[in-house]
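What follows draws every value from the coordinates through simple rules; no lab data is involved. For clarity, every value in this text was computed on a predicted model and none was experimentally measured. So basically every Cβ, Gly included, is an ideal-geometry build from the backbone, and we count neighbours across all protein chains shown.
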Amino acid sequence: MNPFASSVFRRSIVVTGLIAAVVCAQAQTVDDNPLLKKEVLEQVTSILSKNAFVPGVDFGKWPEFIKAEQAQIDAANNDDDFQKAVNAALKKFGASHTVLNAPKVADLRLTGSMVGVGVSTRPDPAGLLVTRTIFDAPAERGGIVAGDIIVKIDGKPAVSTAGMEGSEGTDVTLTVQHVDKSTEDYILTRRKFSALRQEELTWIDKDTAVVTINTFGFAYDRKRVLDIMSEAKESKKLILDLRDNGGGEIGNLRHLLGFFTTSDQPVGTFIDRTIVNEYSAATHGSPTDLAVIAKWTKKKVRPIPEPDTLRYSGKVVVLINGLSGSASEILAQGFRDVLGSKIVGTKSAGAVLVSLYVDASNGFMLQFPLSDYVTINGTRLEGKGVTPDFVVSDPTIHTAKGPDPARDKAIALLNAGW
């Protein structure tokens, strides 16, 4: 399973897929600790130089990129600023999934849990508009709902979410303006909660089902998906909602795909260092002509077959947005290429490189790419994303019974038979 030889990988737990989780070292802070920053940067340099790969990307430029950000790195006196400065250098590669995560971000990715109050917000002239609350988190328990506006945090104007952050067990007072313009103070105790959302099946009517897949990561529940698809296959029309789904493991993508198509219908090709080297040796062709390489190799992304009795045969519309990334983009484009499905929403993230998360020392984790991806029709999605057939924006406020223009458009398409 593990193709690497360096010691950092020998102690890693590698999961085959778009995102791989590893054992993380004891977390520390870089506060006033230049030695710790040096250790992290040395580990990042070692990993990138030995293992990162994207056809056409020169990871040997890392010393040049890091030098350009050295002043900001030296000035960083906390994890957030250090992470930001290093990621400014990593961004210069122009490759997705090339990111340094500070310990608290790494912990969220590995466990799906975080400490806080549990709201998603966006700037508003009056403060911070609550666009979504997380189930069973302090804000929802306290009575805050999507559509509320946080106008003050501990008595100070709410200009950013920074004031809501804090240690587990501490209190924060949020002054909230409701839609009727009345205001109310909420004293919330920060605590750890799960930020993960389960797969869902809802019915628009007796013939139209909506299957929502929120992740293809470790929280993807194959048994739950099996149960959902066993029921949803009875529908004549289906909406597959992949909005806000940032991706996850290849195996989970292939699992869901197996409910819709067969193993003789691949959706695309992952192109890694081994495939490029084999192609170059056999043909002496260009190592960056990905469409040609994808056509040449027999290694394809195929569904994990499900029994014919579980395979869905009706029409499918796929919903995506700018936070649909990686496996979600691959699946959405695959549905269009192989099944002729329509796609509704906004352009996806354009971040489809296969990657690993590995220990970068002191609780920091580095995500780095291992291969590129080409669709079955020869299209490279990295940096481009999936463009919907019908562009429809997400609702500003996310509630179970609130308006959803993208879903409404999908229903109209299905009812009209396209």
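Annotations for the structure displayed:
- Taking Thr121, Thr170, Thr379 and counting other C-beta atoms within 10 Å, the order from fewest to most: Thr170, Thr379, Thr121
- The stretch 127-142 - phi-based ³J(HN,Hα) in whole Hz, Karplus 6.51/-1.76/1.60, Gly and Pro as x: x, 10, 7, 7, 9, 7, 10, 8, 3, 6, 7, x, 5, 5, 4, x
- Between the stretch 353-396 and the stretch 214-266, the Cα center-to-center distance that results, in Å: 18
- Using the Karplus relation 6.51 cos²θ - 1.76 cosθ + 1.60 with θ = phi - 60°, the per-residue 3J(HN,Hα) values for the stretch 39-50 come to 5, 5, 5, 5, 5, 4, 4, 5, 5, 5, 5, 9 Hz, with x marking Gly and Pro.
- Counting beta carbons within 10 Å around each of Lys50, Lys104, Lys37 and listing the fewest first gives the order Lys50, Lys104, Lys37.
- For the listed peptides 173-180, 260-267, a ranking on the average number of other beta carbons within 10 Å per residue, highest first, reads 260-267, 173-180.
- Dipole of the chain, positive end: most advanced residue of Thr175, Gly163, Ile73 [Cβ charges, Cα centre]: Ile73
- Cα centre as origin, Lys/Arg/Asp/Glu Cβ charges: the chain dipole, Debye: 1060
- Alpha-carbon centroid distance for the pair the stretch 44-82 / the stretch 104-125, whole angstrom: 25
- Rounded to 5, percent antiparallel among DSSP beta bridges of the chain: 70
- Charge tally for Arg302 (other residues, Cβ to Cβ under 14 Å; Lys, Arg +1; Asp, Glu -1): +1.
- Taking every alpha-carbon pair under 8 Å whose residues sit at least 6 apart, the stretch 249-364 reaches a relative contact order of 30 percent.
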